[in-house]
Amino acid sequence: MKQFVVFFILTFLIACSSQETSKTNSLEISESPKEHRIPGNSGKKEIKSEGEITLAEYQTSTYDDPEFADEVKKHQEDLKKLSDKNVFAVIHTKLIQKLAKKHQEYFKTKSNYEILAVANGNLFQENKNDSGFIVYDQKNQRVSILVYREAKNAYSELFRELKVENGLEHADCNYTSFGTIDYQLAGEIIYQEESLIKNPESYTEYPPVRITDLAKDGDFILKEGCFSKKISQKKTANSLCIATSSVYNNWEALKYDKRNNTFIIFYGQAFAD
């Protein structure tokens with residue numbers, strides 16, 4: 001009888017130990033994924049590698065964010081109105097004549113794009129003549145930012161084809177903006193509706209895009225701006241800069257990140273006049 005009791009107790013203890021080990025292994029598997037998205041924010045991806053966690057805050061264009069569907073719809077209606085009045089067509093006609101032949105041929109195949117602004121420079125840091133384009137996309141009724149990489153003879157759209165990381169999300173300074181850069185650009189175009197209808201070509205006088213060195217460009221007042229912690233404040237060359245206001249000296253600047261083929265917003269400037 002004593003032997004039976006001892007056998008029963010040993011069997012019970014072994015079973016409990018096995019069950020606890022199974023739970024522990026299951027917990028370790030579920031809590032250690034290599035990659036997962038943070039609930040409630042599809043624009044943020046948490047990547048766990050070798051025990052370290054880095055947070056890449058890739059932006060979803062405001063145009064594609066269902067939370068702002070009503071605002072986006074109104075934007076699209078206002079932009080279509082300007083396109084229907086040939087405001088963008090006039091700007092496009094003036095600008096495309098000055099483009100290199102390869103760009104002219106490309107935009108002939110993209111008849112839904114109306115060019116609104118162009119900038120050239122060593123954007124991808126490969127000692128090439130890259131380009132940045134602001135276009136109105138008739139098909140999707142939105143303003144888009146395209147970049148051209150000469151080394152690969154490739155055109156890509158920010159947000160949709162090339163990811164954009166918001167490096168200012170956790171900056172020490174206080175910088176905020178409503179909407180992604182493409183959406184902000186659209187808002188400024190809509191704001192100028194009356195003057196653009198009267199004189200569309202006036203939009204080309206002060207292009208809202210440039211590829212420049214912030215430290216050598218007089219429009220950037222770096223001591224009043226906001227820098228991301230992710231890029232050295234000394235690395236201001238080859239920046240894609242977008243004017244986010246037609247009235248104030250407001251800008252956001254992006255830098256190409258070779259490590260993961262993305263762009264990072266590393267500088268923001270608001271009301272720095």
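The values are calculated or read from the model by the stated rules, or taken from the named source; none is laboratory data. None of these values were measured; they are calculated from a predicted model. Counting neighbours? That spans all protein chains shown, and the Cβs are built from the backbone with ideal geometry, glycine included.
For this structure, a couple of remarks:
- Among residues of segment 190-216, those that are without any contact (Cβ under 8 Å) to a residue 12 or more places away in the chain and surrounded by 14 or more Cβ atoms within 10 Å (Cβ to Cβ), counted: 0
- Test: residue in segment 153-173 that is hydroxyl-bearing (S, T, Y) and either under 18 Å from I91 (Cβ atoms) or not assigned by TED's automatic domain parsing to the domain that holds V87 (or both): no
- Strands (runs of 3 or more DSSP E) enclosed by segment 217-270 - at least 1 residues per element that are of a type in the set (S, T, Y) and closer than 21 Å to D172 by Cβ: 239-243, 262-269
- T176, sole failed condition from (1) within 19 Å of the chain's Cα centre (by Cα); (2) in contact (Cβ under 8 Å) with a residue 24 or more places away in the chain: (2)
- As for segment 83-90, it holds at least one residue that is within 17 Å of V143 (Cα to Cα), modelled with pLDDT of 95 or more and among the basic types (K, R).
- A count restricted to segment 81-92 and to residues that are assigned to a helix (DSSP H, G or I) and either out of contact with any strand residue (DSSP E or B) (no Cβ under 9 Å at 6 or more places or on another chain) or hydrophobic (A, V, I, L, M, F, W, C) (or both) stands at 8.
- Filter pass, Y256 being crowded, with 19+ Cβ neighbours inside 10 Å, assigned by TED's automatic domain parsing to the domain that holds G132 and not small (G, A, S): yes
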